[in-house]
Amino acid sequence: MIMKMKITKSILIAIALVALSAQSCKDFLDEELVSNVAADSYYSTPAGLDDGADAAYSFLREIYSNERSYSLTIFGTDTHTNGADGGYKSFNYYDNGLNSGVDILRESWVFLYQGINQTNAIIGRAPNVAGMDEATKTLRIAEMRFLRALYYFYLVRTWGDVHFSLTETLEAQVTANKTEQTTIYSEGIIPDLEFAVANLPASQSQYGRATKPAAQFLLGLALLTRGYQQFGSANDFVQAEALFSSIIADYGFALLPSHSALWNQDNQLNSEVIWAIQYSTDLILNGGTGNLPGYSNPTIENAGNRGHLYFGMEYDTQPGMIRDIANGRPFKRFRPTDYMIDQWAAARPNDQRYEDTYKHVWYSNDNRTSGNGIPKWKQIHVDKGAKKADGTLVTAADIGKKRFEVGDTALFIPGPGQDAKWLGDEKLKVRYTVITRTKASYPASTLPSSDPNYYPSDPSFYSEKLFPTIGKFFDPRRPAIQHTQGSRDWFLMRLADVYLLRAEARFKNSNNAGAAADINVVRTRAAKPGKVAEMQIAEGDVTLDRILLERAFELDAEQVRWFDLARTGKLMERVTLYNAQSHVGGTLAGTPNIKPYHIHRPIPQAQSDRTLGGYPQNEGY
């Protein structure tokens with residue numbers, strides 16, 4: 001049975017790694033795979049219990065910041081659709097490929113339950129460990145109950161009713177229950193987090209350990225989520241608001257001066273981050289993969305934060321460009337929907353976050369005479385009045401010469417709302433390639449030459465290969481072009497999110513004025529110079545859709561969107577309205593594939609196969 005495998009043969013034992021030089025002298029929590037340690041004897045010691053507790057954190061890296069996690073949270077929403085490459089597109093299409101046999105569902109299920117069993121082991125063993133003071137035992141138990149709640153919260157949001165156990169399993173089991181969500185919230189998630197809030201400190205010397213504000217964040221989000229459910233209550237929203245208010249008022253967290261400052265890799269320890277999952281260049285360079293204890297598949301990737309891989313366009317096949325570390329390895333998995341582009345277009349005159357989130361310019365790095373190479377001037381550029389670097393017009397004498405040099409702009413994506421400046425001949429008047437949403441007018445039969453050498457071969461409009469590229473996840477610390485492991489921390493909880501979650505709770509508590517005030521705190525930070533007044537919204541502007549739009553801007557691609565839409569009951573509505581790929585025929589005019597049952601994922605087939613008598617499947621699958 002998948003979810004309760006024995007872990008006594010190979011146990012993940014955590015070690016504290018030396019902090020990155022760019023991140024001061026703070027202690028960090030990190031993990032390493034150590035084999036052939038017997039849990040029964042080792043966990044009975046203070047050192048063993050500490051290591052076992054640290055090991056429970058390792059599963060965070062398997063459910064965040066990899067292709068599994070992005071596919072489950074980015075695909076099939078109103079903000080993102082699929083690019084040209086990769087698999088798992090059925091999570092975007094909502095077609096028959098979204099079924100119980102998909103490997104990433106099985107893998108996520110396994111990792112979450114392995115994490116739960118690890119926390120159960122520490123919680124159950126801690127009281128009997130001799131030689132450890134009671135305060136330390138209580139602290140470790142509080143950390144484990146925080147993690148157990150997090151893992152169960154991820155499970156119920158993804159699958160709904162699932163297996164529920166608060167005790168350690170030592171041997172493989174062939175039976176399992178399917179417990180209703182309301183019970184898992186009331187007997188697991190909520191009391192675990194209440195214990196964590198009561199017993200965790202405001203901060204810990206090892207960065208990455210659970211803290212009181214992190215527990216308050218998770219408890220607030222869990223209550224906010226439960227409040228929308230039939231088994232929830234209005235008091236859930238009241239309690240959630242109070243928890244978010246405590247985080248804002250009691251710990252000294254502060255928004256950074258700019259949204260862009262968040263993504264400065266040399267400033268990851270900052271006043272805005274409440275809790276993060278750490279990645280290290282030391283760990284990823286040691287790299288490799290390992291099998292999950294007691295199960296040959298899935299593997300523990302030990303591969304760092306991979307967010308830098310999935311949002312890049314195919315820049316490396318364009319004129320004057322070759323793949324490099326700075327511009328990333330473009331896996332072309334996810335791109336913004338037309339809806340998201342439209343929303344950014346409307347926001348950009350006043351809102352700085354598009355500029356802070358997306359990449360606009362690629363500088364030429366390819367001086368080869370073969371391959372992509374630097375493009376040459378053609379007759380059409382002469383005819384259309386193109387200009388050289390010195391501002392003079394291109395003449396017949398320039399035909400066949402390079403349009404730019406290495407280090408000059410090779411590609412430019414003006415981005416949402418800027419296409420009108422680049423229609424028709426405007427793209428032919430500059431030295432670099434301009435990629436817009438609207439197709440340019442060339443090549444066309446109306447142009448004055450049938451000579452193929454007359455036309456540029458440059459691409460000119462968005463496609464599944466060419467699209468606005470999120471740049472905030474790029475990782476220039478990778479040691480080689482093909483290196484996929486990233487070392488960015490993953491910000492699981494940050495203050496701007498707290499303001500927006502409190503705005504949502506206040507809205508549900510009929511306090512639109514308070515909700516608008518919270519949204520305006522975030523929008524003030526996001527304002528372009530001189531545009532603060534234009535960025536403010538009024539009490540009457542507050543709706544659930546308006547809150548979701550603000551979350552789309554602030555948390556673009558940060559692994560929350562599917563959960564946001566599912567939590568608020570907006571998933572089917574907004575996917576139907578705004579994600580063309582989720583429709584038959586691939587256009588919004590087609591019949592939507594998404595159905596009400598898609599609010600939950602299919603239970604992995606392997607779970608049923610390994611359970612005596614099978615395991616109940618979710619509705620619709």
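Describe numerically, in nm with one decimal, the distance between label points set 7 Å from Cα along Cα→Cβ at GLU573 and at GLU464.
3.1 nm
Please identify the helices of the chain, taking whole runs of DSSP H, that span at least 27 Å along their own axis as judged from the Cα atoms and have a mean Kyte-Doolittle score of -0.5 or higher.
Membrane-span-like by this criterion, though nothing is claimed about a membrane: 103-125, 134-159.
Hey, any idea what % of the stretch 366-414's accessible area is carbon plus sulfur with a 1.4 Å probe?
That fraction is 51 percent.
For the chain, what does -39500 (n - 2.57) per DSSP helix run (n ≥ 4), summed and divided by total residues, give at 222 nm, in deg cm²/dmol to the nearest 500?
Dividing the helical sum by the residues of the chain leaves -10000 deg cm²/dmol.
Could you pull out every residue, at least 5 positions away or on a different chain, whose amide H is within less than 5 Å of the one on ILE274? Hs are placed 1.01 Å off N in the peptide plane, and Pro or chain starts have none.
Long-range HN contacts for ILE274: MET493, ARG494, LEU495.
Considering the dipole of the chain built from charges on the beta carbon (Lys and Arg +1, Asp and Glu -1) around the Cα centre, which of TYR251, ASN264, GLY586 is farthest to its positive end?
Comparing the listed Cα positions along the dipole, GLY586 ranks first.
Go ahead and collect, in residue order, the members of the stretch 161-182 whose backbone nitrogen is under 20 Å from a label point 7 Å along the Cα-Cβ direction of PHE231.
The answer is 161-167, 176-182.
Using a 1.4 Å probe on the protein heavy atoms, what percent of the accessible area of the stretch 526-621 belongs to carbon and sulfur?
With neighbouring chains kept in place, the figure for the stretch 526-621 is 56 percent.
Mind scanning LYS465/LYS595; LYS401/LYS472; LYS401/LYS465; LYS359/LYS508; LYS89/LYS472 and naming the pairs with a C-alpha gap bigger than 31 Å?
Those over the limit are LYS401/LYS472; LYS359/LYS508.
Of the listed peptides 477-485, 242-250, what is their order by residue-averaged count of other C-beta atoms within 10 Å, with the highest listed first?
Listed from highest to lowest mean packing, they are 242-250, 477-485.
Can you tell me the FRET efficiency between LYS595 and THR183 if r is taken as the Cβ-Cβ distance and R0 is 22 Å, rounded to the nearest 0.05?
0.25
Of ASP609, ASP489, which has the most accessible area and how do the rest follow, probe 1.4 Å?
Correct descending sequence by accessible area is ASP609, ASP489.
Can you tell me which lysines have their Cα less than 20 Å from the Cα of LYS402? Leave out same-chain residues fewer than eight positions away.
LYS376, LYS378, LYS384, LYS387, LYS388, LYS427, LYS429
Can you tell me which of 353-361, 220-228 comes out highest on packing, and rank the rest after it, using the mean Cβ neighbours within 10 Å?
The densest-packed peptide leads the list: 220-228, 353-361.
What is the packing order of peptides 190-197, 141-148, taking the mean over residues of other C-beta atoms within 10 Å and listing the highest first?
Going by the mean number of other Cβ atoms within 10 Å, highest first, we get 141-148, 190-197.
How high is the FRET efficiency from ASP103 to LYS421, r the C-beta distance, R0 56 Å, rounded to 0.05?
0.80
Rg/Rh for the chain to two decimals, with Rh computed the Kirkwood way over all alpha-carbon pairs.
Reported Rg/Rh (Cα atoms, Kirkwood Rh): 1.00.
The values are calculated or read from the model by the stated rules, or taken from the named source; none is laboratory data. Nothing here was measured: the structure is a model prediction, and the numbers come from that model. Virtual Cβ from ideal backbone geometry, glycine too; neighbours counted across all protein chains shown. Areas reflect the complete protein model, heavy atoms only, side chains present, ligands, DNA and RNA absent. Shrake-Rupley method; radii C 1.70, N 1.55, O 1.52, S 1.80 Å.
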